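Novice: Let me give you the structure first, and then I'll get to my questions.
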Amino acid sequence: MQNNFSLAIHGGAGTLLKGQMTPEKEAAYKNALQVALDTGYSILEQKGTSLDAVEAAVKILEDSPLFNAGKGSVFTAEGTHEMDAAIMEGKELKAGAVSLITGIKNPVRLARDVMEKSEHVFLAGTGAMEFAKEHHHDILSSDYFYDELRYQQWQALKGSDSFQLDHSAKKDSKFGTVGAVACDVFGTVAAATSTGGMTNKKWGRVGDSPMIGSGNYANNKTCAVSCTGSGEFFIRGVVAYDVSCLMEYKEMSLSEAASEVIMHRVLKLGGDGGLIAVDAQGNIAMPFNTEGMYRGLKTSTGESKISIYKE
Ligand code: ASP
(Lines give C-alpha, C1' and ligand atoms only; values in the text may rest on other atoms or scores of the structure.)
Protein backbone atom coordinates (compact mmCIF):
# COMPACT_ATOMS: atom_id res chain seq x y z
CA MET A 1 0.00 0.00 0.00
CA GLN A 2 1.10 3.57 -0.60
CA ASN A 3 0.04 6.69 1.23
CA ASN A 4 -1.00 8.94 -1.61
CA PHE A 5 -4.35 8.69 -3.33
CA SER A 6 -6.24 11.22 -5.37
CA LEU A 7 -9.19 11.90 -7.64
CA ALA A 8 -9.86 14.38 -10.42
CA ILE A 9 -13.11 14.94 -12.32
CA HIS A 10 -14.28 17.01 -15.28
CA GLY A 11 -17.62 18.11 -16.65
CA GLY A 12 -16.40 19.13 -20.09
CA ALA A 13 -14.05 21.68 -21.60
CA GLY A 14 -15.29 24.80 -23.32
CA THR A 15 -17.86 26.11 -20.82
CA LEU A 16 -19.95 29.22 -20.92
CA LEU A 17 -18.08 32.33 -21.91
CA LYS A 18 -17.21 34.12 -18.72
CA GLY A 19 -19.56 37.02 -19.47
CA GLN A 20 -22.53 34.68 -19.84
CA MET A 21 -22.03 32.80 -16.59
CA THR A 22 -24.35 33.88 -13.78
CA PRO A 23 -23.55 33.34 -10.10
CA GLU A 24 -26.50 30.94 -9.85
CA LYS A 25 -25.32 28.79 -12.75
CA GLU A 26 -21.79 28.79 -11.46
CA ALA A 27 -22.97 27.66 -8.04
CA ALA A 28 -25.07 24.87 -9.57
CA TYR A 29 -22.12 23.51 -11.58
CA LYS A 30 -19.74 23.74 -8.68
CA ASN A 31 -22.20 22.06 -6.38
CA ALA A 32 -22.71 19.11 -8.75
CA LEU A 33 -18.95 18.75 -9.22
CA GLN A 34 -18.40 18.86 -5.46
CA VAL A 35 -20.89 16.07 -4.78
CA ALA A 36 -19.23 13.87 -7.43
CA LEU A 37 -15.77 14.67 -6.09
CA ASP A 38 -16.65 13.97 -2.46
CA THR A 39 -18.42 10.73 -3.32
CA GLY A 40 -15.50 9.35 -5.33
CA TYR A 41 -12.95 10.55 -2.82
CA SER A 42 -14.69 8.94 0.15
CA ILE A 43 -14.34 5.58 -1.62
CA LEU A 44 -10.59 6.10 -1.96
CA GLU A 45 -10.36 7.27 1.64
CA GLN A 46 -11.93 4.01 2.81
CA LYS A 47 -9.27 2.12 0.83
CA GLY A 48 -11.66 1.39 -2.00
CA THR A 49 -10.43 0.94 -5.56
CA SER A 50 -9.83 3.65 -8.12
CA LEU A 51 -12.24 1.79 -10.42
CA ASP A 52 -15.08 2.12 -7.90
CA ALA A 53 -14.19 5.76 -7.27
CA VAL A 54 -14.25 6.83 -10.93
CA GLU A 55 -17.46 4.93 -11.59
CA ALA A 56 -19.21 6.51 -8.59
CA ALA A 57 -18.08 10.03 -9.50
CA VAL A 58 -19.13 9.68 -13.14
CA LYS A 59 -22.51 8.22 -12.18
CA ILE A 60 -23.31 11.34 -10.18
CA LEU A 61 -22.37 13.58 -13.10
CA GLU A 62 -24.48 11.38 -15.43
CA ASP A 63 -27.47 11.86 -13.14
CA SER A 64 -27.16 15.66 -13.29
CA PRO A 65 -28.96 17.49 -16.13
CA LEU A 66 -26.12 20.04 -16.19
CA PHE A 67 -23.65 17.89 -18.09
CA ASN A 68 -23.76 16.26 -21.51
CA ALA A 69 -23.84 12.65 -20.33
CA GLY A 70 -26.58 10.36 -19.03
CA LYS A 71 -29.59 12.49 -18.10
CA GLY A 72 -28.24 15.68 -19.68
CA SER A 73 -27.27 14.12 -23.02
CA VAL A 74 -27.74 16.26 -26.13
CA PHE A 75 -30.17 15.49 -28.97
CA THR A 76 -29.11 13.63 -32.13
CA ALA A 77 -30.37 14.61 -35.61
CA GLU A 78 -33.27 12.18 -35.09
CA GLY A 79 -34.25 13.74 -31.79
CA THR A 80 -32.94 10.82 -29.77
CA HIS A 81 -30.08 10.51 -27.28
CA GLU A 82 -27.14 8.29 -28.15
CA MET A 83 -24.60 7.88 -25.44
CA ASP A 84 -21.02 6.61 -25.26
CA ALA A 85 -18.92 5.62 -22.25
CA ALA A 86 -15.69 3.86 -21.31
CA ILE A 87 -13.90 2.69 -18.20
CA MET A 88 -10.39 1.28 -17.74
CA GLU A 89 -8.08 0.22 -14.93
CA GLY A 90 -4.30 0.39 -15.03
CA LYS A 91 -3.14 -2.75 -13.25
CA GLU A 92 -4.22 -5.41 -15.74
CA LEU A 93 -5.25 -2.97 -18.48
CA LYS A 94 -8.84 -4.17 -18.29
CA ALA A 95 -11.33 -2.00 -20.15
CA GLY A 96 -14.98 -1.79 -21.15
CA ALA A 97 -16.80 0.57 -23.49
CA VAL A 98 -20.23 1.15 -25.01
CA SER A 99 -21.38 3.33 -27.84
CA LEU A 100 -24.62 4.45 -29.51
CA ILE A 101 -26.75 3.31 -26.59
CA THR A 102 -30.14 4.80 -25.73
CA GLY A 103 -32.26 4.93 -22.60
CA ILE A 104 -29.52 3.75 -20.26
CA LYS A 105 -29.45 5.75 -17.04
CA ASN A 106 -25.77 5.15 -16.28
CA PRO A 107 -23.69 4.31 -19.37
CA VAL A 108 -20.54 4.08 -17.24
CA ARG A 109 -22.10 1.21 -15.30
CA LEU A 110 -22.85 -0.58 -18.56
CA ALA A 111 -19.25 -0.05 -19.73
CA ARG A 112 -18.07 -1.62 -16.51
CA ASP A 113 -20.39 -4.59 -17.03
CA VAL A 114 -18.90 -5.06 -20.50
CA MET A 115 -15.48 -5.10 -18.87
CA GLU A 116 -16.41 -7.50 -16.09
CA LYS A 117 -19.23 -9.63 -17.47
CA SER A 118 -18.34 -10.16 -21.11
CA GLU A 119 -15.37 -11.42 -23.08
CA HIS A 120 -15.31 -8.16 -24.99
CA VAL A 121 -14.09 -4.62 -24.63
CA PHE A 122 -16.39 -2.57 -26.83
CA LEU A 123 -20.11 -3.09 -27.60
CA ALA A 124 -22.19 -0.75 -29.75
CA GLY A 125 -25.76 -0.04 -30.82
CA THR A 126 -28.47 -2.71 -30.74
CA GLY A 127 -26.02 -5.37 -29.55
CA ALA A 128 -24.98 -3.24 -26.62
CA MET A 129 -28.64 -2.69 -25.79
CA GLU A 130 -29.28 -6.44 -25.82
CA PHE A 131 -26.35 -6.92 -23.49
CA ALA A 132 -27.78 -4.20 -21.23
CA LYS A 133 -31.13 -5.96 -21.03
CA GLU A 134 -29.49 -9.29 -20.27
CA HIS A 135 -27.63 -7.63 -17.44
CA HIS A 136 -30.73 -6.00 -16.02
CA HIS A 137 -30.06 -2.37 -16.83
CA ASP A 138 -33.22 -0.31 -16.72
CA ILE A 139 -34.11 1.15 -20.09
CA LEU A 140 -35.69 4.53 -19.44
CA SER A 141 -38.08 6.35 -21.77
CA SER A 142 -36.93 9.47 -23.60
CA ASP A 143 -38.83 11.68 -21.08
CA TYR A 144 -36.08 11.07 -18.56
CA PHE A 145 -33.52 12.63 -20.92
CA TYR A 146 -35.66 15.59 -22.01
CA ASP A 147 -34.25 19.00 -21.25
CA GLU A 148 -35.73 22.20 -22.63
CA LEU A 149 -32.39 23.90 -23.25
CA ARG A 150 -30.94 20.87 -25.03
CA TYR A 151 -34.10 20.71 -27.13
CA GLN A 152 -33.65 24.34 -28.15
CA GLN A 153 -29.99 23.70 -29.00
CA TRP A 154 -31.10 20.90 -31.28
CA GLN A 155 -33.91 22.96 -32.84
CA ALA A 156 -31.33 25.56 -33.86
CA LEU A 157 -29.45 22.94 -35.91
CA LYS A 158 -32.23 20.53 -36.88
CA GLY A 159 -32.50 19.76 -40.59
CA SER A 160 -29.04 21.18 -41.28
CA ASP A 161 -25.84 19.30 -41.82
CA SER A 162 -24.23 21.06 -38.89
CA PHE A 163 -23.53 19.38 -35.67
CA GLN A 164 -22.19 21.09 -32.66
CA LEU A 165 -19.95 20.38 -29.81
CA ASP A 166 -21.97 21.03 -26.76
CA HIS A 167 -19.33 23.31 -25.38
CA SER A 168 -18.28 25.10 -28.52
CA ALA A 169 -17.19 28.54 -27.39
CA LYS A 170 -18.65 30.22 -30.44
CA LYS A 171 -22.23 30.13 -29.26
CA ASP A 172 -24.06 30.25 -26.01
CA SER A 173 -23.24 26.62 -25.50
CA LYS A 174 -22.08 24.83 -22.44
CA PHE A 175 -22.10 21.55 -20.58
CA GLY A 176 -19.96 18.71 -21.64
CA THR A 177 -18.75 15.23 -21.46
CA VAL A 178 -17.91 14.00 -17.98
CA GLY A 179 -14.99 12.01 -16.67
CA ALA A 180 -12.98 10.95 -13.66
CA VAL A 181 -9.47 9.66 -13.00
CA ALA A 182 -8.19 8.25 -9.72
CA CYS A 183 -5.20 6.69 -8.03
CA ASP A 184 -5.95 4.44 -5.05
CA VAL A 185 -3.92 3.36 -2.01
CA PHE A 186 -2.77 0.32 -3.97
CA GLY A 187 -1.14 2.50 -6.62
CA THR A 188 -3.68 1.47 -9.23
CA VAL A 189 -5.06 4.14 -11.53
CA ALA A 190 -8.40 4.15 -13.36
CA ALA A 191 -10.29 6.38 -15.78
CA ALA A 192 -13.95 6.70 -16.79
CA THR A 193 -15.56 8.93 -19.41
CA SER A 194 -19.20 9.36 -20.43
CA THR A 195 -20.90 11.55 -23.04
CA GLY A 196 -23.96 12.31 -25.13
CA GLY A 197 -21.63 13.37 -27.96
CA MET A 198 -22.52 16.29 -30.24
CA THR A 199 -25.87 18.01 -30.81
CA ASN A 200 -27.50 17.01 -34.12
CA LYS A 201 -25.00 14.21 -34.73
CA LYS A 202 -26.00 11.56 -37.27
CA TRP A 203 -24.79 8.50 -39.16
CA GLY A 204 -23.90 6.75 -35.93
CA ARG A 205 -21.22 9.31 -35.18
CA VAL A 206 -18.95 8.16 -32.37
CA GLY A 207 -16.48 10.46 -30.65
CA ASP A 208 -13.31 9.83 -28.70
CA SER A 209 -14.92 9.22 -25.31
CA PRO A 210 -15.59 5.47 -25.62
CA MET A 211 -12.45 4.76 -27.66
CA ILE A 212 -9.77 3.23 -25.50
CA GLY A 213 -6.59 5.25 -25.98
CA SER A 214 -8.31 8.28 -27.51
CA GLY A 215 -10.65 9.70 -24.89
CA ASN A 216 -9.95 7.31 -22.04
CA TYR A 217 -6.93 5.28 -20.93
CA ALA A 218 -5.29 3.87 -17.78
CA ASN A 219 -1.95 2.19 -17.16
CA ASN A 220 -0.19 1.85 -13.81
CA LYS A 221 3.18 2.25 -15.54
CA THR A 222 2.21 5.79 -16.47
CA CYS A 223 -1.18 7.38 -15.81
CA ALA A 224 -4.96 7.42 -16.21
CA VAL A 225 -6.52 9.99 -18.57
CA SER A 226 -10.05 11.20 -19.39
CA CYS A 227 -10.49 13.68 -22.26
CA THR A 228 -13.05 16.23 -23.38
CA GLY A 229 -13.13 18.26 -26.56
CA SER A 230 -13.58 18.00 -30.31
CA GLY A 231 -13.69 14.22 -30.49
CA GLU A 232 -12.61 13.79 -34.10
CA PHE A 233 -9.26 15.43 -33.33
CA PHE A 234 -8.83 13.49 -30.11
CA ILE A 235 -9.34 10.27 -32.04
CA ARG A 236 -6.78 11.23 -34.68
CA GLY A 237 -4.31 12.29 -32.02
CA VAL A 238 -4.92 9.13 -29.93
CA VAL A 239 -4.69 11.67 -27.15
CA ALA A 240 -5.05 9.68 -23.92
CA TYR A 241 -2.54 7.06 -25.02
CA ASP A 242 -0.20 9.74 -26.32
CA VAL A 243 0.08 11.19 -22.81
CA SER A 244 0.93 7.72 -21.52
CA CYS A 245 3.47 7.16 -24.34
CA LEU A 246 5.28 10.43 -23.67
CA MET A 247 5.69 9.35 -20.06
CA GLU A 248 6.71 5.79 -20.89
CA TYR A 249 9.02 6.36 -23.83
CA LYS A 250 10.19 9.93 -23.36
CA GLU A 251 10.21 9.81 -19.58
CA MET A 252 8.24 13.02 -19.28
CA SER A 253 6.47 13.81 -16.03
CA LEU A 254 2.67 13.66 -15.97
CA SER A 255 2.25 17.41 -16.24
CA GLU A 256 4.84 17.76 -19.03
CA ALA A 257 3.21 15.00 -21.06
CA ALA A 258 -0.35 16.26 -20.53
CA SER A 259 0.59 19.84 -21.48
CA GLU A 260 2.58 18.76 -24.53
CA VAL A 261 -0.47 16.91 -25.88
CA ILE A 262 -3.17 19.50 -25.10
CA MET A 263 -1.22 22.72 -25.60
CA HIS A 264 0.75 21.63 -28.69
CA ARG A 265 -0.24 18.42 -30.42
CA VAL A 266 -4.07 18.72 -30.30
CA LEU A 267 -3.95 22.41 -31.20
CA LYS A 268 -1.67 21.67 -34.14
CA LEU A 269 -4.19 19.18 -35.48
CA GLY A 270 -6.88 21.86 -35.18
CA GLY A 271 -8.69 20.45 -32.16
CA ASP A 272 -9.66 22.04 -28.87
CA GLY A 273 -10.43 20.69 -25.43
CA GLY A 274 -8.70 19.39 -22.36
CA LEU A 275 -8.03 16.38 -20.20
CA ILE A 276 -7.62 15.27 -16.61
CA ALA A 277 -4.88 12.82 -15.69
CA VAL A 278 -3.41 11.17 -12.63
CA ASP A 279 -0.21 9.14 -12.29
CA ALA A 280 0.42 6.12 -10.06
CA GLN A 281 1.92 8.38 -7.36
CA GLY A 282 -1.30 10.38 -7.18
CA ASN A 283 -0.06 13.51 -9.02
CA ILE A 284 -2.73 15.28 -11.06
CA ALA A 285 -2.66 17.35 -14.28
CA MET A 286 -5.66 19.12 -15.84
CA PRO A 287 -4.59 21.13 -18.92
CA PHE A 288 -7.12 22.64 -21.36
CA ASN A 289 -6.84 25.01 -24.33
CA THR A 290 -10.42 26.34 -24.20
CA GLU A 291 -12.01 29.20 -22.24
CA GLY A 292 -12.52 26.88 -19.32
CA MET A 293 -13.10 23.33 -18.17
CA TYR A 294 -15.44 22.25 -15.40
CA ARG A 295 -13.09 20.39 -13.11
CA GLY A 296 -12.19 19.38 -9.59
CA LEU A 297 -9.49 17.55 -7.69
CA LYS A 298 -9.03 16.14 -4.22
CA THR A 299 -5.86 14.53 -2.89
CA SER A 300 -4.72 12.75 0.26
CA THR A 301 -2.12 15.50 0.65
CA GLY A 302 -4.93 17.89 1.49
CA GLU A 303 -5.60 19.65 -1.79
CA SER A 304 -9.25 20.11 -2.70
CA LYS A 305 -10.51 22.39 -5.41
CA ILE A 306 -13.33 22.99 -7.90
CA SER A 307 -12.64 25.34 -10.84
CA ILE A 308 -14.19 26.40 -14.11
CA TYR A 309 -11.98 29.05 -15.72
CA LYS A 310 -8.23 29.51 -16.01
CA GLU A 311 -6.53 30.58 -12.82
N1 ASP B 1 -15.31 14.49 -26.77
C2 ASP B 1 -16.74 14.38 -26.88
C3 ASP B 1 -17.14 13.89 -28.25
O4 ASP B 1 -16.55 14.32 -29.22
C5 ASP B 1 -17.45 15.68 -26.63
C6 ASP B 1 -17.12 16.41 -25.36
O7 ASP B 1 -16.00 16.32 -24.85
O8 ASP B 1 -18.01 17.09 -24.84
O9 ASP B 1 -18.07 13.11 -28.36
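The values are calculated or read from the model by the stated rules, or taken from the named source; none is laboratory data. Remember, it's a predicted structure, so these values are computed and weren't measured experimentally. Note that we place each Cβ from the backbone using ideal geometry, even for glycine, and neighbour counts take in every protein chain shown. Accessible surface is based on the protein model in full, side chains and every heavy atom, while ligands, DNA and RNA are left aside. Shrake-Rupley method; radii C 1.70, N 1.55, O 1.52, S 1.80 Å.
Novice: Please list, ordered by chain and number, the residues whose modelled amide H lies under 5 Å from the amide H of ASP272; skip anything fewer than 5 residues away on the same chain.
Specialist: Counting only residues 5 or more places away or on other chains, the set is SER230.
Novice: Give me, ordered by chain and number, the residues 5 or more places off GLY292 or on other chains with an amide H under 5 Å from its own placed amide H.
Specialist: Placed amide hydrogens put GLY14 under 5 Å from GLY292.
Novice: From the square roots a ≥ b ≥ c of the eigenvalues of the alpha-carbon gyration tensor of segment 256-311, which class results: rounded (a/c under 1.5), prolate (a/b over b/c), or oblate?
Specialist: Verdict is oblate for segment 256-311.
Novice: Related question: Would you grab the residues whose amide H sits under 5 Å from the one on MET252? Only those 5+ places off in sequence or on another chain, please, with H modelled 1.01 Å from N.
Specialist: MET247
Novice: Tally Lys/Arg at +1 and Asp/Glu at -1 over every other residue whose Cβ is under 9 Å from the Cβ of SER230; what's the total?
Specialist: -3
Novice: Could you go through segment 201-206 in sequence order and give the Karplus-derived ³J(HN,Hα) for each residue, using 6.51 cos²θ - 1.76 cosθ + 1.60 with θ = phi - 60°, rounded to whole Hz, and x for Gly and Pro?
Specialist: For segment 201-206, the Karplus curve yields 5, 9, 6, x, 4, 10 Hz.
Novice: Could you look at the chain and say what percent of its accessible area is carbon and sulfur, using a 1.4 Å probe and all protein chains? Let's see the in-between values first.
Specialist: Working: 6310 of 12270 Å².
Carbon and sulfur together cover 51 percent of it.
Novice: Put +1 on the Cβ of each Lys and Arg and -1 on the Cβ of each Asp and Glu in the chain; which of ALA285, PHE145, VAL266 then has its Cα farthest toward the positive end of the dipole?
Specialist: Farthest along the dipole direction, towards plus: VAL266.
Novice: Continuing with the same structure: Restricting attention to the alpha-carbon atoms of segment 89-149, what are Rg (one decimal) and Dmax (integer), both in Å?
Specialist: Just the Cα atoms of segment 89-149 yield Rg and Dmax of 12.6, 42 Å.
Novice: Let me ask something else. Could you sort the peptides 49-56, 89-96, 209-216 by per-residue average Cβ neighbour count (10 Å cutoff), highest mean leading?
Specialist: Per-residue mean Cβ counts within 10 Å order the peptides as 209-216, 49-56, 89-96.
Novice: State the number of lysine pairs found in segment 1-115 whose Cα atoms come within less than 15 Å, restricting to pairs 8 or more positions apart or on distinct chains.
Specialist: Eligible lysine pairs with Cα atoms under 15 Å apart amount to 4.
Novice: Once the Cα gyration tensor of segment 45-89 is found, what semi-axes does its equivalent ellipsoid get, as square roots of 5 times the eigenvalues, in whole Å, sorted largest first?
Specialist: Each semi-axis is √(5λ); the values are 27, 11, 5 Å.
Novice: With the calculation restricted to Cα positions, what are the radius of gyration and Dmax of the chain in angstrom?
Specialist: 17.4, 56
Novice: Using a basic spin-label model with each label point 7 Å from the Cα along Cα→Cβ, how many nm lie between SER141 and SER160?
Specialist: 3.2
Novice: Once the principal axes of the Cα atoms of segment 1-101 are found, what is the range along each, listed largest first in whole angstroms?
Specialist: 45, 34, 19
Novice: Rounded to the nearest 500, what is the 222 nm mean residue ellipticity of the chain from helices alone, with -39500 (n - 2.57) per DSSP H run of 4+ residues and division by all residues? Write out the running numbers ahead of the final one.
Specialist: Numbers: 9 runs with 96 residues, N = 311.
Calculated at 222 nm, the ellipticity per residue is -9500 deg cm²/dmol.
Novice: Next question, about the same structure. Rank these residues by their accessible area, most exposed first, probe 1.4 Å: GLU45, GLU119.
Specialist: Of GLU45, GLU119, the descending order of accessible area is GLU119, GLU45.
Novice: Next question, about the same structure. Give a residue-ordered list of calculated ³J(HN,Hα) values for segment 5-12 (Karplus: 6.51 cos²θ - 1.76 cosθ + 1.60, θ = phi - 60°; whole Hz; x for Gly, Pro).
Specialist: 9, 6, 9, 10, 9, 9, x, x
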